[in-house]
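Every number here is computed from the coordinates shown, using simple stated rules; none is lab data. Note that the structure is a prediction, hence the values are computed from the model and not measured. Glycine also receives a Cβ, built like all others from the backbone with ideal geometry; neighbour counts cover every protein chain displayed.
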Amino acid sequence: MMLGHGVTLLSPAALAAHLACAMLAARLVRSRATLRQPSASSRTAVISGAAALASFSAMPPGSLRPFFNGYLSGAGGILLIWISVLLSLRQRPPSLYRERICAATLLSLTGVALAAYAWQRGMPGSPFNFGTYVAMPLWGISDWLMRLLLAALAIANVWSLRFFQPGMQRLAAAGLCVIWFVPWNVSSLLESRAAWALAADYLCFWLKTIALNILCLPAPQTAMARGILKNALYRHKGGL
């Protein structure tokens, strides 16, 4: 159960490995077209990506606790995504400013609404800590009407992912969608706390996050992302 509070850095090496996994996942889901686009400000782009990357420290990877497990750590994670969004506005055409701001606003309002619902239902743990929603998924404590509302929120947030900057920023937003709407883990389904089950939960978190990134892309970009993954697997197989 991920209900404790306070900073719970397992170790600097574990945090570095977790963030390295985030960087690898962002690399996999980023399209070739995005990689070829020159950024308006390389320093701004780096800071924007770093802010989005840092938000993963507040997200529980699978059934593990968030690395920063404070009472308001979830609010801090959303704030970091907002910093990434605001910095990235300098790198995009003006026509996309409104869409990206709206997508970030929807993500924030969803977090506030779910926190209010968790507090109203008396869920154990802080409603502003992402670990609370993994330890006790909202689907299991909701009636049919609330489940319909959750489904509507899930569809709206997944659809709006396409307006986030491809790469780390979109990956961070997708990670929040996984935590809120697809929180189930292998260990809870099999009722096992073995090391292999926790490792499977960790891998499952990244697979779900990457899948949401590919799912939210428009059709041409989806085909390109699949092609990149296919080529990467082909090269890996050829090198063995």
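I need the calculated FRET efficiency for the pair LEU96 and TYR71, taking r as the beta carbon distance and R₀ as 45 Å, to the nearest 0.05.
Numbers: r = 35 Å, r/R0 = 0.77.
Calculated value: 0.85.
Just order 145-153, 105-113, 125-133 by mean Cβ neighbour count inside 10 Å, highest at the front, would you? Walk me through the numbers on the way to the answer.
Details: 145-153: 13.2, 105-113: 16.6, 125-133: 23.8.
Ranking, from highest mean packing down: 125-133, 105-113, 145-153.
Stretch ALA152-ALA20 to full length: gain in nm at 0.36 nm per residue minus the Cα-Cα span? Could the numbers behind the result be given before it?
Numbers: separation 132, 0.36 × 132 = 47.52 nm, distance 3.25 nm.
Taking 0.36 nm per residue and subtracting the Cα distance, the gain is 44.3 nm.
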